[in-house]
Amino acid sequence: MSVSRVVLFCFVGLVAAQLRAEPSIAARVPEKNSRNTLAESRITFSFVHVDGPYIAMTFDDGPSATLTPKLLDILAAHQIKATFFVIGENVAEHPEIVARAAREGHEIGNHSWSHPNFGKMSDDGVRSQLQQTDDVIKSATGLRPTLLRPPYGSITAREKRWIHDQFGYQIILWDVDPYDWKRPGQSVVRNRILKETRPGSIVLSHDIHPGTIEAMPSTFDALEAKGFKFVTVSELIRMAVPQPSQAPAETRESTPATITPSPSPSTTPSPARLPRGS
């Protein structure tokens with residue numbers, strides 16, 4: 001056999017081997033993407049599919065020296081446990097309020113030190129925001145938080161992974177937003193919450209606005225009248241049950257138990273234009 005024919009056979013063999021390998025590589029790509037999606041779904045929650053009328057009330061940006069104690073009184077009167085996502089700076093000023101909330105059975109989560117936009121920050125900057133707040137919550141309550149709500153809901157997929165790996169946090173967003181930070185009035189806040197809340201909802205509000213606190217007694221009454229039962233976010237997550245596979249994907253009720261991507265940095269307004277809300 002001539003040298004040229006040997007070279008030709010070797011070349012054909014290499015091409016055939018490459019063609020056989022490519023489908024195998026391609027087949028592994030969706031599998032990897034599927035694993036990434038599953039991993040994120042286990043740490044990011046904006047709604048939880050539950051078997052029962054359970055919901056989680058959450059309050060951001062406190063503690064407020066005057067308003068948070070009033071809210072705690074209201075929650076105690078209704079025997080409701082809520083989750084507070086606190087700002088580290090405020091905790092440092094009013095540790096006794098956070099200590100009271102924890103002592104009364106409420107859950108305390110990390111909401112950063114000074115409410116920046118994580119999606120536009122360096123890892124070191126985010127890490128500092130989280131660690132300072134983590135430490136001050138531990139100092140006030142004796143316990144380290146296990147939940148994080150990123151300010152504005154702005155956080156990248158990569159940030160979620162390393163924050164979960166380093167701090168052990170589950171990332172908590174929401175599916176009910178009454179836009180109470182716009183101060184639309186207590187009746188509007190109440191009506192928006194009542195309209196949007198469903199079993200498994202994570203309801204966002206803020207304990208730094210007077211109208212929100214004023215809206216809560218009648219809101220709680222109305223939610224209770226509808227049969228809703230109140231739990232902390234961690235309790236809600238522990239109640240999660242599998243989503244029925246036959247549910248239409250496009251319906252609101254079909255939202256998975258562990259969802260939903262937060263606003264991406266490319267679509268999140270800059271901090272200068274973002275309200276001091278979520």
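Efficiency by 1/(1 + (r/R0)^6): what FRET value for S218 and R103, r their Cβ-Cβ distance, R0 = 30 Å, to the nearest 0.05?
FRET efficiency, S218 to R103: 0.65.
Which residues' amide hydrogens lie under 5 Å from the amide hydrogen of V176, considering only partners 5 or more residues apart or on another chain, with H built in the peptide plane?
HN-HN under 5 Å from V176: I202, L204.
Give me the distance in nm between label points sitting 7 Å out from Cα along the Cα-to-Cβ direction at K138 and W162, one decimal.
Each label point lies 7 Å from its Cα, and together they span 2.1 nm.
For Q79 and D124 in the same chain, what is the full-extension length gain: residue separation times 0.36 nm, less their Cα-Cα distance, in nm?
Between Q79 and D124, full extension yields 12.2 nm more.
Would you mind checking the radius of gyration and Dmax of segment 140-206 based on alpha-carbon positions, in Å?
That works out to 14.8, 42 Å for Rg and Dmax.
Enumerate the lysines that K120 could reach by cross-link, defined here as Cα to Cα under 20 Å, with residues fewer than 8 away along the same chain left out.
The qualifying lysines are K160.
Read-outs throughout are calculated quantities, based only on the coordinates presented, and are distinct from any laboratory measurement. As the structure is a computational prediction, the values presented were derived from the model and not from experiment. Quick reminder, even Gly has a Cβ in these numbers, built from the backbone with ideal geometry, and neighbours come from all protein chains shown.
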